[in-house]
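What follows is calculated from the coordinates using simple rules that are stated; it is not laboratory data. This is a predicted model, so every value here is computed, not measured. Cβ placement follows ideal geometry from the backbone for every residue including glycine, while neighbour counts extend to all protein chains displayed.
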Amino acid sequence: MNDAAIQAEPERARPAVDIVGADGADGADSEARPVVVVHGSMDRSATFRRVTEHLQDRTVLGYDRRGWGRSRSLGGADVDHQVHVDDLSAVLAGLDAPIVLGHSYGALVAMAAAAAGPSLVAGIVAVEPPVRWLPWWPADDPWEQTVRSAAAEGGPAQASRALLVELFGPAARLHLERALPSDLAADGASLISEMTDPTVDLPRFDPMTFPVPTVVAAGSRSAPHHREVARRLAELLPHGRFAEIPGAGHASHVSHPKELAQLVREIDLIEEQRP
């Protein structure tokens with residue numbers, strides 16, 4: 001078979017990038033660095049609207065990762081961690097070194113993309129990144145156990161319900177009452193795919209040489225291993241700092257948006273102080 005007969009694979013469609021929040025861009029300071037939001041599992045960019053209320057001096061951009069929200073149709077069995085990293089890298093390449101705010105799985109994506117292209121990022125706020133290959137991450141993550149057990153009992157929809165209860169406790173009831181069974185099933189399928197993706201366990205950056213200013217944050221009420229890994233990771237980073245968000249659980253972008261926005265602003269201060 002000659003080269004002409006070999007057909008190139010079609011280019012993979014990428015998630016659309018939009019301004020997060022209704023008013024964030026209206027009063028944006030042209031001198032302020034933009035912010036790119038990368039959400040975690042069982043989430044979407046729209047849940048960061050409360051954070052944008054405290055960042056109205058700058059443009060905040062976000063997108064729904066493959067398999068979630070408006071990008072649900074872009075998910076599938078061939079979507080692994082590297083695909084999410086490639087998506088974010090493509091977003092960053094079109095901007096002027098923004099600050100990246102990554103939450104949970106999204107924080108892991110953000111750090112991997114920054115390691116691959118340090119010049120594309122001014123700094124990162126990484127909220128409870130699940131760095132599973134660090135020695136302080138438990139061999140049996142309690143949430144992973146919950147998802148596996150629920151999926152075995154009732155399939156993807158049950159896995160979604162179980163994790164939402166773990167995340168929000170009694171407050172999850174209202175969300176579950178409003179959710180369509182088809183949406184729970186679709187989210188559960190993406191959740192199981194991300195949690196069972198073996199490539200998430202591959203180290204994609206070296207904490208000891210990580211070149212980008214990074215604030216690693218964790219809520220004081222989050223799971224002990226989330227707090228421990230966040231603190232230990234920050235200690236390893238040459239330009240890292242650990243920030244505890246008092247009273248917050250894992251979803252600090254929902255419960256403590258002002259505090260999270262302040263951590264984004266801290267990256268500006270770090271940049272100003274760098275030689």
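Of the residues V17, V109, V121, which exhibits the maximal mean-square fluctuation in a Gaussian network model of the chain defined by a 10 Å Cα contact cut-off?
Judging by the Gaussian network model, the answer is V17.
Mind sorting out which of [x] 44; [y] 41; [z] 33 is the real percent of Cα pairs over 28 Å apart computed from the coordinates?
For percent of Cα pairs over 28 Å apart, the calculated option is [z].
Counting Lys and Arg as +1 and Asp and Glu as -1, each charge on the Cβ, what is the dipole of the chain about the Cα centre in debye, to the nearest 20?
I would put it at about 520 debye.
Please label the shape of the range 55-194 as rounded, prolate or oblate, based on the square roots a ≥ b ≥ c of the eigenvalues of the alpha-carbon gyration tensor (a/c under 1.5 means rounded; beyond that, a/b larger than b/c means prolate, else oblate).
Cα axes put the range 55-194 in the prolate bin.
Determine ³J(HN,Hα), in whole Hz, for all residues of the range 155-168 in sequence, where each value follows from phi through the Karplus function 6.51 cos²θ - 1.76 cosθ + 1.60 and θ = phi - 60°; x replaces Gly and Pro.
Result, ordered by residue: x, x, 4, 5, 4, 4, 4, 5, 6, 4, 5, 4, 6, 10 Hz.
Give me the dipole magnitude in Debye, nearest 20, for the range 128-188 about the Cα centre, with unit charges on the beta carbon: positive for Lys and Arg, negative for Asp and Glu.
Once rounded to the nearest 20, the dipole reads 100 debye.
Which is farthest toward the positive dipole end of the chain among T52, A97, A151, measuring Cα position about the Cα centre, with Cβ charges +1 (Lys, Arg) and -1 (Asp, Glu)?
A151
Add -39500 (n - 2.57) for each DSSP H run of 4 or more in the chain, then divide by its residues: what number comes out at 222 nm, to the nearest 500 deg cm²/dmol?
Taking each H run of at least 4 residues, the total per residue is -13000 deg cm²/dmol.
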